[in-house]
Amino acid sequence: MSRFFTDRYASLVPYTPGEQPQNRQYVKLNTNESPFPPAPGVVEAAARESANCRLYSDPESRAVSEAFAASLGLDASQVLAVNGSDEALNFAFMAFGKKLAFPDISYGFYPVFAALNHIPYTEIPLREDLRLAPEDYFGLHRMIVIANPNAPTGIALRRDEVEAIVAANRDVVVLIDEAYVDFGAESAVPLLAHYDNLLIAQTFSKSRSLAGARLGFAIGSEALIRDLNTIKYSTNPYNVNRMTAAAGIASLAADEYNRANALTIRENRRFTTDGLRALGFELPESSANFVFARRPGLPGETLYRKLKERGVLVRHFSKSRIEDYVRVTIGTREQMEIFLRETEDVIKEVMA
Ligand SMILES: *Cc1c(COP(=O)(O)O)cnc(C)c1O
């Protein structure tokens, strides 16, 4: 920290992104990216639009917002386009976070955005089996943030469980982070018609293969979206660039491709889950594009390190409650075969 860094952020501990190695080629299963290229037409649309990048992008992101809202049966006034859904989370915390509550095991960015915005927060422990019990979130009188499916567990709530939480907290905003919803969970979008305190974040980073383009959406009542716009226009009016907006529109136009890829990921998740269980791992059924697994006698850190030596990158978290686990992104069938083979090899070496 330089001597110029303000006291305001002196205790801020920033988010640690997963490794993005720039030299060695890994079987990269550590940051929940899609193993598939963006939908047909996406790259061409972004390239074409780059010819106009002398001009600022549309501050309202009209075209992509209309296309996205239409895909959900909503009006464009109910969505806000953002520079990755992380930006939606930050804007929502800024706009609605007086006090916060979220699970103790969840997306690592929640405590960081809370600290950045000086919002006091309570971490609510997941139950012993890493499940989230909806009743633990009833009547909290603080803004609630829940990833559904949760990360890094992959466990999803049913829509009626989400509804119970939203209904039991009408005095605060309940933010449902649906980064992984397309891999088999129930979206809360149909609940928007009944609850003005529900806000949803979705992203094009995972199921639509656009992590590097940075496109996400906040979805909620017109009034909530207006508040988020107040924050946006006080931060960065041109938050979504021209190439990304064009890519998003093209991706929405080819959404059968994205849906087919999500189905393939679900098949590969089944294959990986069964393979890991056969190797002695314990893991909950995942509804996301990753699995969260541990094997008695094999520390997560050891597995992470030895897989990395073998050219396979997975994610390990040092937080004490989950340090036994690794989180493994679901890739192509070939990638998952390599992962399982190398994992078996590590077990033989460590247990020898
Ligand atoms: C990946 C992820 C996000 C955000 O991703 P963006 O790339 O910023 O859209 C948000 N929440 C969770 C739980 C995630 O895993």
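The values are calculated or read from the model by the stated rules, or taken from the named source; none is laboratory data. The structure presented is a predicted model; accordingly, all values stated were derived computationally and were not measured. Please note: Cβ atoms are built from the backbone with ideal geometry, for glycine as well, and neighbour counts cover all protein chains shown. Heads up: the accessible areas ignore ligands, DNA and RNA and are worked out on the full protein's heavy atoms, side chains in. Shrake-Rupley method; radii C 1.70, N 1.55, O 1.52, S 1.80 Å.
Taking a virtual spin label 7 Å from the Cα of residue 99 along the C-beta vector, which residues in the range 166-206 bring their backbone nitrogen under 16 Å of it? Under 16 Å, as judged by backbone N against the label point of residue 99, lie 169-174 of the range 166-206. Per residue, the accessible area of the range 58-192 comes to 37 Å², computed with a 1.4 Å probe over protein heavy atoms only. Here the range 278-346 is assigned +1 on the Cβ of each Lys and Arg and -1 on the Cβ of each Asp and Glu. Its dipole about the Cα centre then comes out at about 240 debye.
Here the simple spin-label model places points 7 Å from the Cα toward Cβ, and for residue 52 and residue 332 these points are separated by 3.4 nm. Between residue 344 and residue 305, the FRET efficiency from the beta-carbon distance, with R0 = 22 Å, is close to 0.85.
Within the accessible area of the chain, the carbon and sulfur atoms contribute 51%, probe 1.4 Å, all protein chains present. Sorted into 5 angstrom bins from 0, the C-alpha pair distances of the range 198-352 split as 2, 8, 14, 16, 14, 12, 11, 10, 7, 4, 1, 0, 0 percent.
Net charge dipole, the range 215-339: roughly 340 debye, given to the nearest 20, about the Cα centre with Cβ charges of +1 for Lys and Arg and -1 for Asp and Glu. The alpha carbon centroids of the range 182-200 and the range 1-76 are separated by 23 Å.
Taking 0.36 nm per intervening residue step and subtracting the Cα-Cα distance, what contour gain separates residue 158 from residue 238 on full extension? So the extension gain works out to 25.2 nm. Sparse packing (at most 14 other Cβ atoms within 10 Å of the Cβ) combined with a DSSP loop state is found for the following GluC sites (Glu not before Pro) in the range 77-159: 128. Taking 0.36 nm per residue of separation and subtracting the current Cα-Cα distance, fully stretching the chain between residue 63 and residue 263 would add 69.2 nm. For the range 56-120, chymotrypsin sites (Phe, Trp or Tyr not before Pro) are listed when DSSP marks them as loop and at most 14 other Cβ atoms sit within 10 Å of their Cβ; the list is 56.
Pairs with C-alpha atoms separated by more than 29 Å, drawn from the list 28/348; 28/99; 28/98; 99/232; 99/308; 206/348, are 28/99; 28/98; 99/308; 206/348.
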